[in-house]
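Trainee: First, the structure itself, so that you have it in front of you.
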Amino acid sequence: MTTIQETDPAEASMISLTNEEHDRLAALYRYDILDTSPEPQFDRLVTMASHFFDLPMALVSFIGKDRQWFKANHGVPFSETPRCESFCTVTIAQDDVLLIPDTTLDERFHSYPAVLAEPYIRSYAGAPLITPDGQNIGTFCVLGAEPRAFSTDDQNMLKAFAEMAMDELRLRQALLDLSQMAMTDALTSLPNRVQFRQRLVDACQRADTSGEKVVLGLLDLDRFKLINDTLGHGAGDALLSEVAHRLKASVASSDLVARLSGDEFVVLLTDVRSAPDAERVVQRLQRMFAAPFLVGEQEVFVHWSLGLSVYPDDAQELDVLLSHADTAMYRAKRAGGGHTYFQAHQDQRTLLEVERLAALHHALERDELRVYFQPVVHAENHAVVGHETLLRWARPSGLVSPLDFIPLAETSGLIVPIGRWVLWQAVEALRTRRVENVSVNVSAVEFRQPDYVAYLRELLNLGGVDPRRMWLELTESSLLEPHFASVLREVHALGVQTALDDFGTGYSSLTALATLPVQMLKIDRSFIMGIGDDTTAGQHALEVMRGIVTLANAYGLTTVAEGIETQVQADLLRQLGCSYLQGYLFGRPAPLP
């Protein structure tokens, strides 16, 4: 007959067994107790039983398919016996205590090796270990080297010891189940962050001994939020479960796939000898994800960004190793997806961005953000007609350029709370009459918030300011988002004016200019720089500006030329018919007094 491993119930089910024995073994394997290390709660019971019955030997034993194995052993000089030589095999065939006053007088047992040789067992009493569903999976037994009669009280006490052993077994199983739940992601059944950390520690310790490497891959699904927003969170959960299944199918059984949070997974490749070993796994991932996922009746193609770091090459501290994988993943995402390895000489800027992003999360609460105001003047008489708000970040180490931190704020979503704080500062400046009119730059991320217009309305009402004194500046690329047209109309209905910022550098749309409620064009400074130069380039810049102003006038839009630094530029733009001017010639950005 085919043999099986005692701890593998799946294989056990394939063996030709009676139905009763199959069910009994299945019950035993569910406890996952065979071949486990000694545990004090069971050892204490057999020691107590030995003293209580005044017998030299006591056991908690479990009967597998072919053997009897001792979980707790007091006085017996071996840890298991063949099942065919076990007293307890007879015990589990009944529900009551088996009593053998003298083994040498019992035809069933007198020829057993344990009777004829060490430890010379002469007396035995065993009570079956009975599971809640009635399966006899083992015994609690006491044994003597001399003949022994057992009383009714002895039988009852042995049953009590067996029940205590089963209580401990059930408690052990409950604790293991709780531990497994604490180590497993409930949605995907993958290991969670806690188990991943333990497995990473173990893998790196093995690598230190073997000299091989560990590859850590941090994988993030691209645009997963779109699935939740369009198909619902139930569909998103179903997709994550299927993603987990494909990830597991892409790696070897010795490797690990875990879910850290949300749509972020980690792949741990162990015993890696060289980079091509990891590349083969990446190629399997690519093949696995090439086919669409079916969510309900909707086909969904999933793309991912994967960052990889290698232990011990990239780092020996595990937190640093994970940080490097995150840095590489961030670089892969910025490149449009796919995978990339951590490279210190390429990722220093990304590491700086990660550090900045962490600091930016605390910038508001630490009062590090500042709003500066730059004047906007009338082109004819240079009278100040308003101010543009400009955000600055004053870290203890110095000012951070908006070009460095605004993109971080937008990609992380921090631009929403920061942008609302800037709006409040602008309203305060209007309320206190420190500025006559104010313009505020608004990110497309802010405009996508469903409560943006309601928040703006409430802010204006609280400040008690005339909405016509506020301008919102949006970039041209924002016009590509179709639903922004309705938001712009809601803003216009409040009385708030809107301006198209950096005009000429994005995706200008004449149709948008004709149909959207935009009242002003702010012409990017790149068109101003050459104006006034007595060169062909200077003349060309002037003609381009003439065309932009003519176009704006045709649509009934006012114009603001940014980046004015010389009086010559100011005079020429006034002659072209530009409405307003802004630049260092009229004032640098600064806090209000």
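The values are calculated or read from the model by the stated rules, or taken from the named source; none is laboratory data. No experiment lies behind these values; they were computed from the predicted model shown. Cβ: placed from backbone, ideal geometry, glycine included. Neighbour counts: every protein chain shown.
Trainee: Sort out which residues of the range 382-405 are surrounded by fewer than 18 Cβ atoms within 10 Å (Cβ to Cβ) and assigned to a helix (DSSP H, G or I), and write them in order of number.
Mentor: Answer for the range 382-405, where residues must be surrounded by fewer than 18 Cβ atoms within 10 Å (Cβ to Cβ) and assigned to a helix (DSSP H, G or I): 402, 403, 404.
Trainee: Among the residues of the range 546-568, write down those that are closer than 14 Å to residue 378 by Cα and part of a helix (DSSP H, G or I).
Mentor: Selection gives 567 alone.
Trainee: Hey, another quick one. Among the strands (runs of 3 or more DSSP E) confined wholly to the range 85-166, which include 2 or more residues that are modelled with pLDDT under 95?
Mentor: Counting at least 2 such residues, we get no strands (runs of 3 or more DSSP E) at all.
Trainee: While we're looking at this one, here's another question. I'd like to check which strands (runs of 3 or more DSSP E) are fully inside the range 204-306 and have at least 3 residues that are in contact (Cβ under 8 Å) with a residue 60 or more places away in the chain and buried (at least 16 other Cβ atoms within 10 Å of the Cβ).
Mentor: Ranges flagged: 213-221, 256-261, 264-272.
Trainee: While we're here: Considering only the range 136-158, state which residues are aliphatic (A, V, I, L, M) and under 16 Å from residue 104 (Cβ atoms).
Mentor: Selection gives 143, 145, 149.
Trainee: Out of (1) more than 14 Å from the chain's Cα centre (by Cα); (2) aliphatic (A, V, I, L, M); (3) outside any helix (DSSP H, G or I), the odd one out for residue 176 is which?
Mentor: All conditions are met except number (3).
Trainee: Out of curiosity, is residue 543 modelled with pLDDT of 85 or more and either surrounded by fewer than 18 Cβ atoms within 10 Å (Cβ to Cβ) or aromatic (Phe, Trp, Tyr) (or both)?
Mentor: For residue 543, the condition - modelled with pLDDT of 85 or more and either surrounded by fewer than 18 Cβ atoms within 10 Å (Cβ to Cβ) or aromatic (Phe, Trp, Tyr) (or both) - is met.
Trainee: So, one more: Could we say that residue 388 is out of contact with any strand residue (DSSP E or B) (no Cβ under 6 Å at 6 or more places or on another chain) and within 24 Å of residue 549 (Cβ to Cβ) here?
Mentor: Considered against the rule, which asks whether it is out of contact with any strand residue (DSSP E or B) (no Cβ under 6 Å at 6 or more places or on another chain) and within 24 Å of residue 549 (Cβ to Cβ), residue 388 comes out as no.
Trainee: Modelled with pLDDT of 85 or more, more than 48 Å from the chain's Cα centre (by Cα) and part of a loop (DSSP other than H, G, I, E, B), is that true of residue 532?
Mentor: no
Trainee: Across the range 145-188, what is the total count of residues that are small (Gly, Ala, Ser), surrounded by 13 or more Cβ atoms within 10 Å (Cβ to Cβ) and touching a residue at least 40 places away in the same chain (Cβ under 8 Å)?
Mentor: The qualifying residues number 2.
Trainee: Return a yes/no flag: does the range 75-95 have any residue that is among the small types (Gly, Ala, Ser) and in contact with a helix residue (DSSP H, G or I) (Cβ under 7 Å, 6 or more places away or on another chain).
Mentor: Among the residues of the range 75-95, at least one is among the small types (Gly, Ala, Ser) and in contact with a helix residue (DSSP H, G or I) (Cβ under 7 Å, 6 or more places away or on another chain), which makes the answer yes.
The rows are residues; the columns are (1) out of contact with any Pro (no Cβ under 6 Å at 6 or more places or on another chain); (2) of a type in the set (S, T, N, Q); (3) without any contact (Cβ under 8 Å) to a residue 12 or more places away in the chain.
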residue	(1), (2), (3)
81	yes, yes, no
88	yes, no, no
91	no, yes, no
95	yes, no, no
105	yes, no, yes
109	yes, no, no
121	yes, no, no
129	yes, no, no
134	yes, no, yes
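Trainee: I would also like to ask the following. Would you call residue 339 of a type outside the set (A, V, I, L, M, F, W, C), over 30 Å from residue 571 (Cα atoms) and assigned to a strand (DSSP E or B)?
Mentor: Here the answer is yes, as residue 339 does meet what is asked.
Trainee: Can you spot a residue in the range 160-173 that is basic (Lys, Arg) and within 43 Å of the chain's Cα centre (by Cα)?
Mentor: yes
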